[in-house]
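In what follows, a structure is listed as structure tokens, so that the remarks can point back to it.
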Amino acid sequence: MSDQKLIIGYYRLSMEDDSEGESNSIINQRKLVKDYISNIPELASMPFQEFYDDGYSGSSMERPAIKQVLELARENKVQCIVVKDFSRFARNYIEMGTYLEQIFPFLGVRFISISDRYDSKDYKGKSSDIEVQFKGLIADFYVKDQSVKVKAAVNTRRGKSEYCCGSAPYGYRINPENKKELVIVEDEAEVIRRVFELTNQRYSKMEICRLFNEEGVLTPLQSMSRRQKSDSKKAASRGLQWTSDMIRKIVDDKTYIGCMVYGKTKIPDPGTGKEVPVPRNQWKVMENHHEPIVSKEIFEKAERLKKFISIDMADGDAQTDAMEQLIETYPDLRIAIGHFGMVTTDGWEKQIALAKHEHVYIESGGITWLFHKEFYPYPSAVRAIRTAIDICGIDKLMWGSDYPRTMTAITYDMSKDFIEKTTELSEEEKIKFLGENARAFYGFEELEVPEKIRNMVE
């Protein structure tokens, strides 16, 4: 490759540009920039490369293509960046000014904004004039005003089931005949189906990574870079190896069952453009939005097989506040709280109340041990289960034998038939408590019944 520095054409289109007409389309930006460069001999003779961000706001520099451009600039590979207008590059006037006044001069990068009639070459050694600064300020005000309008427009589009979440996710592309619609990219979809298939066969994330890396399966970034025919070799070489995080993102993504998920982040101050994460339980989900890659059944099975923790907490409510914080931080983590909340201690009900959270269950292992002075058939244990049902519902309670720890006190069968024989629980409640809830929590399917061993007989 030539050692000559690059002339970069950068284009951007975001959702807030819908109301601005055809003039801001990527195609028209490209034509304007290429025509301009072709009429400047000193630029036309140099290597030319194009980058674009489609569906990204100008209020933030967290855009894939602009990051590539700035990385090339830092590597001293860029002579000049050409854009249609300042707003294509950035809409934050402070950030725009920082690049014009400090960063680009330091890196030796010439910057041209065609519609604004701005060429940094004309301002070498002096500050840009008041007109340029004023335009930057107007752009910043524009962002704050448009943020309200964009939200309203996006909500309208979502109401019509139109796709409006920026770039298409891995496995999909935006339909060139209808840019408001997602269509499946079949070779990427096959990889996604394999991820779910292997996950449901109980392959670990690391095992799937190892298999894919041995087979030379393209990573999501590699595949999407090839599909988009990216000119950046560095971009195409990133993500050469599959990682556990890549697998996790696929298995967690409801996009693959036809849902449009949005509201994952928010910008408290539109002027800064800085996004902050939104708790997962507050994300917005629109079902049946586009064609799914995997079935809901396959997705949910993979969900059940994801990591969980089983934990015994300190007596009573000593650790319930800390557990609440853990649940809030990791809302999708499945948690089984053991020993029925240490039911014989004060404050045990607060442990049971934690099961009001979607992925928190209560396991009863040890309940017979806690009531061992009462002994079989443990009427107080049954009453405690009844109380727990009133607190969190029967669907969150799971039987546990606490065996073989209790084998010196009771038989295995005694640990469960005090539930089977009680009249305090309905037959449906017994079925859920003795197996169905655990099946849902742990992802059990058909399990073999173990042979009777010593002390497991009546």
Checklist outcome for this item: Computed ³J(HN,Hα) along the stretch 389-401: with the Karplus parameters 6.51/-1.76/1.60, θ = phi - 60°, integer Hz and x for glycine or proline, the list is 4, 5, 7, 10, x, 5, 5, 9, 10, 10, 6, x, 7
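Explain nothing, just the number: dipole magnitude of the stretch 307-442 about its Cα centre with +1 on each Lys and Arg Cβ and -1 on each Asp and Glu Cβ, in debye rounded to the nearest 20.
Approximately 300 debye in magnitude.
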Checklist entry - Given H placed 1.01 Å from N in the peptide plane, which residues other than close sequence neighbours of V78 have an amide H under 5 Å from its amide H? => result L6
Checklist entry - Each label point is 7 Å from the Cα along the Cα-to-Cβ direction; what then is the distance between the points at Q102 and R226, in nm? => result 4.2 nm
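What pairs in K356/K430; K373/K421; K180/K301; K34/K121 have C-alpha atoms more than 22 Å from each other?
Table pairs above 22 Å Cα-Cα are K180/K301.
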Next on the checklist: Taking 21 Å as the cut-off for C-alpha to C-alpha distance, list the pairs among K67/K205; K284/K432; K249/K284 that go past it.
Outcome noted: K67/K205; K284/K432
Item to check | Ranked list, fewest to most other Cβ atoms within 10 Å of each Cβ, for R88, R210, R226, R173 | outcome: R226, R210, R173, R88
Checklist entry - By counting other Cβ atoms within 10 Å of each Cβ, how are I7, I309, I389 ranked from fewest to most? => result I309, I389, I7
Checklist outcome for this item: If S25, S57, S401 are placed from fewest to most neighbouring beta carbons inside 10 Å, the sequence is S25, S401, S57
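The numbers here are math on the coordinates, done by the rules we state, and not lab data. Because the structure is predicted, anything quoted here is derived from the model rather than measured. Reconstructed Cβ throughout: ideal geometry from the backbone, glycine too, with neighbour counts over all protein chains shown.
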